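Student: Before we start, here is the structure in question, set down as structure tokens.
The values are calculated or read from the model by the stated rules, or taken from the named source; none is laboratory data. Computed from a predicted model, the values in this text were never measured in an experiment. Positions of Cβ are generated from backbone atoms using ideal geometry, with glycine treated the same way; all protein chains shown enter the neighbour counts.
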Amino acid sequence: MTNFFQTKTAKSIYFVFGLAVIAGVMFLLMNNSKISATGSASKILFDEEYHDFGKVPQGPQLEYSFKFTNKGKSPLIIERVQTSCGCTGATTGGKNEYTKGEAGEIKVSFNTQGRQGRQEKQIIVFTNDADNPQKTLRITCDIDPNMQ
């Protein structure tokens, strides 16, 4: 039996077994680090993600602010804000980093000029929130060109 441990086959088996153990330990360590990183990461929470302006006349610029809070333990970074249409604008007001518990807002404007009927626009907010790196906000309205 002692000769078996010195054979090439036994050495190969031990080598493969050792690699499997190392891979298993690395897998466990990587999964545990993701769990702890997620628990301490930034987390964006909007008061609301949808706003309906209702029935509006054609022509004016509509404005609304979506308020949010960083509910995570790490700083929240708003990487960029993108709108679905050129008639819609969105800004953070120049502030892009929010500490734990800090509130902010995404200011949205929508130009109703030349439009009519039901309108729905989307605003995508890109952040460093690991669970929700993209949040989609929506605004809607019903533009009546005969309304004054």
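Student: How many residues, within segment 107-122, are in contact (Cβ under 8 Å) with a residue 40 or more places away in the chain, out of contact with any Gly (no Cβ under 9 Å at 6 or more places or on another chain) and not in a loop (DSSP other than H, G, I, E, B)?
Tutor: Residues that pass the stated criteria total 0.
Student: Using the structure shown, decide if Ile35 is at pLDDT 70 or above and either over 27 Å from Arg138 (Cα atoms) or of a type in the set (Lys, Arg) (or both).
Tutor: No.
Student: A further question on this structure: Among the residues of segment 100-114, are any surrounded by 13 or more Cβ atoms within 10 Å (Cβ to Cβ), over 16 Å from Asp52 (Cα atoms) and among the acidic types (Asp, Glu)?
Tutor: Within segment 100-114, one or more residues are surrounded by 13 or more Cβ atoms within 10 Å (Cβ to Cβ), over 16 Å from Asp52 (Cα atoms) and among the acidic types (Asp, Glu).
Student: Scan segment 46-78 for residues that are exposed (fewer than 12 other Cβ atoms within 10 Å of the Cβ) and either under 20 Å from the mean Cα position of the chain (by Cα) or within 13 Å of Glu120 (Cα to Cα) (or both) and jot them down.
Tutor: Of everything in segment 46-78, those that are exposed (fewer than 12 other Cβ atoms within 10 Å of the Cβ) and either under 20 Å from the mean Cα position of the chain (by Cα) or within 13 Å of Glu120 (Cα to Cα) (or both) turn out to be Asp47, Glu48, Gly54, Lys55.
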